[in-house]
Amino acid sequence: MHDSSVSVHPSAATNVPHPLGNSKSLVTSVQLTAFDNDPVVKLVNSLLMQAVQLGVSDLHFEPDEQLYRVRFRIDGLLKQMTTLLLSLIAKVSARLKIMAQMDISERRLPQDGRIKLLTADNHTLDYRVSAIPTLFGEKIVLRVIDCADSLVDINELGLEQDQQQIFLQALHQPQGIVLITGPTGSGKTLSLYAGLKLLNTETTNISTVEDPVEINLSGVNQVSINPKIGLSFNTALKSFLRQDPDVIVIGEIRDLETADSAIRAAQTGHLVLSTLHTNSATETLARLHHMGVADFNIATAISLVVAQRLARRLCVHCKKRVDVPSHSLLQMGFLDSDLKQISDCDSTHSAIFEAMGCEHCTDGFDLLPSLNRGDSYS
Ligand SMILES: [Zn+2]
């Protein structure tokens, strides 16, 4: 397929493998424009532009026997945006794979890639792309992994006052492990970077190893893992320890080897921040135990476990006030202390707000300024 809209950075012109793997300079950037002669390129570009405008976190291209469905995840929920002709499955897949620098001749095995988009207003968006062969063609999912404004302050995370205090205390310890846990897409990286932003000063050496680096933070040494050439979380971690580190960030603790290295780093005077896919703070300790980490190491090294969830917020422009009987709220499981926080509330009625929907939002819920935002902590 003729591909006129892909522009390659000069550094990508050489074939020398970069030691840091998925470094940004090696990622081809794609200019997003609606003006292209190829109808498939035009179609894909217009879907991507629509996704950018809607603040979509994931784009799903799903071939089925009857239809080729395109769904977007907006504010945590999937929504069908359009269906395409079945005859377009191969062409759209090929286009997305070209953009993601995948092997377009390989249709039988899963592939991973990355797309860097340059929007008309010079805004850059990074997508992690995954292609999987399904019964009726390749299902391709694009996940937004970078937003120019995705770096937020700790006080924008939606933490309660006392939670924020505990988080800050752990971040200011010279050593120990701070673990941020939660499901995929719950904003773990965002919370982690909110912490890093605070620690990122001239006097502190911060190194991160991630899969891949999702948020760029100037002043921090960021490394993307590259399993193809043997650059794992653990190998990077060992090298960091030889580079006079103060703060070490491990994108995710996935195995015992990495967990042990993290603990060793924490016990030798370094602050270690990492994430884990668990559902609660207590489950996290059990997970580490089952991984094979010795209990005395868990007890001495872990200084804080944060378990977080993504919450949708009502749109401030259109939320509508409704009066409901207070006893209904109590029946739903709210506590008396919760009701006391509602400003306009007495023993019989409570004023709450419900979702409406307007031009500023999707179905009455706020388009979160940052896609992976953790708004509530449990
Ligand atoms: Zn609204």
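Some notes on this structure:
- Near the amide H of Ser350, within less than 5 Å, lie the amide hydrogens of Val324, Ser326, all on another chain or at least 5 residues away, with H placed in the peptide plane.
- Placing a label point 7 Å from the Cα of Thr268 along the Cα-to-Cβ line, the residues of region 235-255 whose backbone N sits under 12 Å from it are 237-245.
- Net length available on complete extension from Ile132 to Arg321 is 63.5 nm, with 0.36 nm assigned per residue and the Cα-Cα distance removed.
- The length gained on full extension between Asp121 and Gln331, counted as 0.36 nm times the residue separation minus their Cα-Cα distance, comes to 70.6 nm.
- MRE, 222 nm, helices only [DSSP H, n ≥ 4, -39500 (n - 2.57), over the chain, to nearest 500]: -7500 deg cm²/dmol
- Links that overshoot a 25 Å alpha carbon limit, given the list Lys139/Lys197; Lys97/Lys228; Lys197/Lys238: Lys139/Lys197
- Computed FRET value (nearest 0.05) for Thr300 with Arg108, which takes r as the C-beta separation and R₀ as 56 Å: 0.70
- Formal net charge of residues neighbouring Ser232 (Cβ-Cβ distance under 15 Å; K, R +1; D, E -1): -3
- Highest-fluctuation residue, Asp336, Asp38, Asp295 considered, GNM on the chain with Cα pairs under 10 Å: Asp336
- Simple label model, 7 Å out from Cα along Cβ direction - Glu160 to Gln80, nm: 4.1
The numbers here are math on the coordinates, done by the rules we state, and not lab data. Here the structure is a predicted model, which is why all the values come from computation and not from measurement. Positions of Cβ are backbone-derived with ideal geometry, glycine not excepted, and every protein chain shown enters the neighbour counts.
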